[in-house]
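Novice: This structure is in structure tokens; I'll ask about it shortly.
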Amino acid sequence: MEKFDLIIIGGGPAGSACAIKLANSGLRIALIDKATFPRDKVCGDGLSIDVINQLPMLSKELADSFQSFPNKHYSNGLRLFSPDTTFLDIPFYYKKKKSCGYVSPRLHFDNLLFQHAKSYPGIKTFENTSVTNVLLQDNRVVVETADATMEAQMILGADGAHSIVAKKLANQKIKKEHFCAGLRMYYEGIPAFDDNNYIELYFFKDILPGYVWIFPLEGNRANVGIGVLSSEVSKKKMNIKEKLQHLIETDPKLKERFKNAKPLETVKGFGLPLGSAKRKISGERYLLMGDAAALIDPFSGEGIGNAIRSGRVAAEHVLQCFEQKNFSSSFNKAYDKEIYKRMWNEFKISRTLQQIVRYPRAFSFVIRQANRSKYLHQFLIDAISDIEKKRKILWKPMFYLRMLFK
């Protein structure tokens with residue numbers, strides 16, 4: 001049985017970020033993933049300014065590598081289409097300065113993070129390794145795979161929406177009202193609207209509060225998909241694959257955008273656990289990170305930034321666990337507290353936006369008013385694109401209701 005101080009299951013952004021932050025800590029770390037990198041991850045592929053800003057917090061070398069990284073395409077903001085076809089542009093801002101985000105296939109971006117983590121001698125990586133069981137035994141954690149058994153003082157679950165760590169140790173179950181079903185296809189022959197390469201989100205009445213997205217990539221390629229709350233899928237008995245195809249073929253705007261488009265793959269599905277409800281994300285000798293902890297923005301569906309952030313917070317907490325030799329459930333509650341201290345305000349605002357989107361007339365009204373009111377427009381920019389401001393916003397319903405009519 002191979003022994004480690006820490007085992008991280010999942011080599012995506014959360015797991016790799018945590019491993020990188022702990023790479024020089026002196027801990028013996030195992031980083032396990034069921035796939036072999038580079039591997040695809042079904043996602044919208046958007047990298048927000050928040051993601052870019054966190055890379056140097058992990059490693060200067062990693063940040064430098066990203067600057068010269070060829071597999072990324074810039075985007076200056078979002079274009080939101082309301083159910084009545086009105087659109088609103090949301091430029092990306094950081095500290096009052098216009099900035100750009102990127103679109104990068106997870107095949108490439110996740111591999112950049114994983115290979116960087118793999119380069120540290122203190123991290124032993126296991127690829128193509130499926131974890132079959134996780135057990136708490138005699139003041140240790142035991143991890144069983146198809147080929148081996150490992151043990152450690154602590155385990156971190158960064159293994160996605162269907163995390164085995166969450167299932168075995170946290171007894172987490174999917175709640176459809178806080179879970180989103182999604183599909184993705186890559187296309188070619190979809191030109192950008194203009195030089196801003198805005199990400200496009202289309203909110204159609206019969207899929208609310210979900211949307212259809214188009215994320216621009218180089219060479220007139222695009223990541224195209226649909227995301228709908230699982231509770232709505234069940235309630236309406238919706239076939240989202242057929243729904244996406246129907247909208248592409250019949251909606252005037254999408255039909256025009258796709259007139260010369262060709263799919264580059266078959267449609268692929270995935271699930272997004274949303275951060276619209278607090279969860280128990282730690283316990284005896286374990287922490288959950290990223291999608292395993294349900295840290296996806298309820299409105300935008302963005303999860304990479306919070307995945308990396310959770311990896312950084314987890315790394316800080318792990319060091320405290322080893323310094324104090326305390327891996328108890330009560331001690332680990334500090335991790336939950338810190339995660340939600342940093343993210344819960346963001347989630348509450350996004351949850352409120354998600355609830356507004358449920359009502360087509362109300363959402364269309366807000367978009368129309370935002371095109372007329374610089375105050376409301378700025379609030380939506382802060383709430384959607386400026387991650388730092390979003391975390392400082394205090395939701396005051398009467399104030400923003402008045403803002404609608406300014």
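Novice: Based on alpha-carbon atoms only, what is the radius of gyration of segment 161-248 relative to the globular estimate 2.2 N^0.38 Å?
Specialist: 1.31
Novice: What residues have an amide H closer than 5 Å to that of TYR94, excluding those fewer than 5 places away on the same chain, when H is modeled at 1.01 Å from N in the peptide plane?
Specialist: Under 5 Å from the amide H of TYR94: SER99.
Novice: Another one. Please compute the per residue accessible area over segment 1-155 with all protein chains in place, 1.4 Å probe, rounded to a whole number of Å².
Specialist: Values: 6330 Å² over 155 residues.
I get 41 Å² per residue for segment 1-155.
Novice: What does the C-alpha gyration tensor say about the overall shape of segment 273-376? Classify as rounded when a/c is under 1.5, otherwise prolate if a/b is larger than b/c, or oblate.
Specialist: Cα axes put segment 273-376 in the prolate bin.
Novice: For a quick size check, give me the Cα extents of segment 215-335 along its three principal axes, largest first, whole Å.
Specialist: On the principal axes, segment 215-335 reaches 62, 38, 22 Å in Cα extent.
Novice: Would you calculate the separation in nanometres between label points at PHE365 and ASP194, each defined as 7 Å from the Cα along the Cα-to-beta-carbon direction?
Specialist: Each label point is offset 7 Å from its Cα along the Cβ direction, giving 2.9 nm.
Novice: By how many nm would the segment from THR352 to LYS268 lengthen if fully extended, with 0.36 nm per residue of separation less the alpha-carbon distance?
Specialist: Details: separation 84, 0.36 × 84 = 30.24 nm, distance 2.90 nm.
Using 0.36 nm per residue and subtracting the Cα-Cα distance, I get 27.3 nm.
Novice: In nanometres, what is the gap between the two model label sites at ASP64 and GLU127, each 7 Å from Cα along Cα-to-Cβ?
Specialist: 2.4 nm
Novice: On to the next question. Rounded, prolate or oblate: which one fits segment 16-72, using the alpha carbon gyration tensor with axes a ≥ b ≥ c (rounded when a/c is under 1.5, else prolate when a/b beats b/c, else oblate)?
Specialist: Details: a/c = 2.02, a/b = 1.18, b/c = 1.71.
The shape class here is oblate.
Novice: Just grab the label-to-label distance for MET1 and ASN24, each label 7 Å out from Cα along the Cβ direction, in nm (one decimal).
Specialist: 3.4 nm
Novice: Of the accessible area of segment 92-235, with the probe set at 1.4 angstrom, what percent is carbon plus sulfur? All intermediate terms of the calculation are to be shown ahead of the outcome.
Specialist: Working: 2870 of 6180 Å².
Of all accessible area on segment 92-235, carbon and sulfur atoms account for 46 percent.
Novice: Over the Cα atoms of segment 84-166, how large are the radius of gyration and the largest Cα-Cα distance (Dmax), in Å?
Specialist: Final numbers for Rg and Dmax: 20.0, 61 Å.
Novice: Find the eigenvalues of the gyration tensor of the Cα atoms of the chain, then list the square roots of 5 times those eigenvalues as equivalent ellipsoid semi-axes, largest first, in whole angstrom. Before the final figure, lay out the partial values.
Specialist: Numbers: eigenvalues 260, 103, 83 Å².
One finds semi-axes of 36, 23, 20 Å for the chain.
Novice: Residues of segment 261-279 with amide nitrogen under 16 Å from the 7 Å Cα-to-Cβ point of GLU177?
Specialist: Only 274-279 fall inside the zone, counting backbone N under 16 Å.
Novice: Which value results for Rg/Rh of segment 1-117 when Rg is the Cα radius of gyration and Rh the Kirkwood radius based on the inverse mean 1/r? Before the final figure, lay out the partial values.
Specialist: Values: Rg = 17.1 Å, Rh = 16.0 Å.
Ratio value, two decimals: 1.07.
Novice: Of GLN153, GLY283, GLY219, which is farthest on the positive side of the dipole of the chain, counting Cα position, with +1 on Lys and Arg Cβ, -1 on Asp and Glu Cβ, and the Cα centre as origin?
Specialist: GLY283
Novice: Follow-up question, since we're still on this one. Report, in order of residue number, the helices in the chain meeting two criteria: a C-alpha extent of 27 Å or more along the helix axis, and a mean Kyte-Doolittle hydropathy of at least -1.0; treat each whole DSSP H run as one helix. Could the numbers behind the result be given before it?
Specialist: Values: long enough: 304-324 (30 Å, 0.03); 329-357 (39 Å, -0.86).
Long hydrophobic helices here: 304-324, 329-357.
Novice: Please compute the volume of the convex hull spanned by the alpha-carbon atoms of segment 139-187 and report it per residue in Å³. Numbers along the way, then the final one.
Specialist: Values: hull volume 6.3 nm³, N = 49.
Expressed per residue, the convex hull around the Cα atoms of segment 139-187 is 129 Å³.
The values are calculated or read from the model by the stated rules, or taken from the named source; none is laboratory data. Since the structure is predicted, the reported quantities are computational estimates derived from the model, not experimental observations. No Cβ is skipped: glycine too gets one built from the backbone with ideal geometry, and neighbour counts run over all protein chains shown. Surface accessibility is based on the protein's heavy atoms, side chains included, excluding ligands, DNA and RNA. Shrake-Rupley method; radii C 1.70, N 1.55, O 1.52, S 1.80 Å.
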